[in-house]
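Structure first, commentary second.
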Amino acid sequence: MEMEKALIFKNVSKKFTDFEVQIDSFELVRGSIMGLVGPNGAGKSTMIKMIMNLVHPDSGNISVLGRDYLKQEQQVKNLVGYVPEDCRIYEEVTANWVGQFVSHYYKTWDHDYFRALLQKFGLSGNKKVKQLSKGNKMKLSLSLALAHKPELLLLDEPTSGLDPVVRYDLLQELLEVIQDESRTVLLSSHIIGDIEKVADYVGFLRQGKLVLYNDKESILEKYKRVQLKLASTVLIETIRDYFIQYSNEGAYFQGVTGEYSEELLQELQRRGVEDIKVLPLTLEEIMIVLSREGV
């Protein structure tokens, strides 16, 4: 049922002068955390901005929490928390003042919860925005996005530009907050290690297209590095189609497959290969392979 889906994209496209985002089919289950990854310029921010109707698709339909994102835009925006990549907050006011200002836009704003979030993130409500570090400004942005208790949280590169320690702490604190609730989270990042820490589902955008989307565990189970020995190099022609990427030195062959299974191993053995070793891949290694595929 559509109400069980937090997001549905159907044949959505947006053309720019020299770039196009084309999402033919995409669904995100309610209550899940999805990591949207891909190189800079792959279309991650555009996809999120289309959900918020900040970028208007040329064609297709988007459903947000069972609602039409155009016909019911006000309802949608009351149910969504959004942190853009470049979140600019007026510098000369305090965090409390900003919270009070933003609260007027949301019927469900919870002042006590906002104060609790500031405390959780180690922020003083009486400190001016200009006195906050980049990491603390991001924490304030998260507090503002969460205080009306949205059903869907959209985070566009929230850890971009932060040093590793600050990034780690922010992710840990964010994970604690969002796991306490039943909300859905869509988190975009080009830092794949961040996604690996928090996501249930992973989508990979390449040149505006969603080339991979599945739950994280299934991706890690399906994508493997396979090392083997060939009885003859002639066999390369008979097995190479099973691999996204491969290389060989004489009889020694290794490749990456996105369709690993026991049936694949049996088929390789039937074709006369020997000494098969199957090695796991990290999510980052998988994304590097996909980035290079077809290049």
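Restricting region 1-74 to chymotrypsin sites (Phe, Trp or Tyr not before Pro) that sit in a DSSP loop and have at most 13 other Cβ atoms within 10 Å of their own Cβ leaves F16, F19. Counted by Cβ distance under 15 Å from E221, the other residues give a net charge of -4, where Lys and Arg count +1 and Asp and Glu count -1.
Global dimensions of region 2-215 from alpha-carbon coordinates: Rg and Dmax equal 16.7, 47 Å.
Inter-part distance, region 92-122 to region 214-266, computed on C-alpha centroids, equals 52 Å.
Round to the nearest 0.05 the FRET efficiency obtained for E173 and S232 when R0 = 41 Å and r is the Cβ-Cβ distance. Approximately 0.15, to the nearest 0.05.
Calculate, for S32 and N126, the FRET efficiency according to 1/(1 + (r/R0)^6) with r their C-beta to C-beta distance and R0 41 Å; round to the nearest 0.05.
On the way: r = 37 Å, r/R0 = 0.90.
Result of the calculation: an efficiency of 0.65.
Sequence-ordered 3J(HN,Hα) estimates for region 70-79 from the Karplus curve with 6.51, -1.76 and 1.60 and θ = phi - 60° stand at 9, 5, 10, 4, 5, 4, 4, 5, 6, 9 Hz, glycine and proline given as x. Once the C-beta distance of N61 and Y113 is scaled by a Förster radius of 35 Å, the resulting FRET efficiency is 0.60 to the nearest 0.05. Proximity of backbone amide H atoms, modeled 1.01 Å from N, is registered between V29 and A6 at under 5 Å, excluding neighbours fewer than 5 places apart on the same chain. Taking a sphere under 9 Å around the Cβ of N53 and counting the other residues whose Cβ falls inside, with K and R at +1 and D and E at -1, yields a net charge of +1.
For the chain, what does -39500 (n - 2.57) per DSSP helix run (n ≥ 4), summed and divided by total residues, give at 222 nm, in deg cm²/dmol to the nearest 500? Each step should come with its number before you reach the end.
Working: 11 runs with 100 residues, N = 295.
It comes out at -9500 deg cm²/dmol, rounded to the nearest 500.
Each part gets one Cα centre, and for region 194-209 versus region 1-45 those centres are 11 Å apart.
FYI, it's all coordinate maths here, none of it is from the lab. As the structure is a prediction and not an experimental result, all values here were calculated from the model. Cβ: placed from backbone, ideal geometry, glycine included. Neighbour counts: every protein chain shown.
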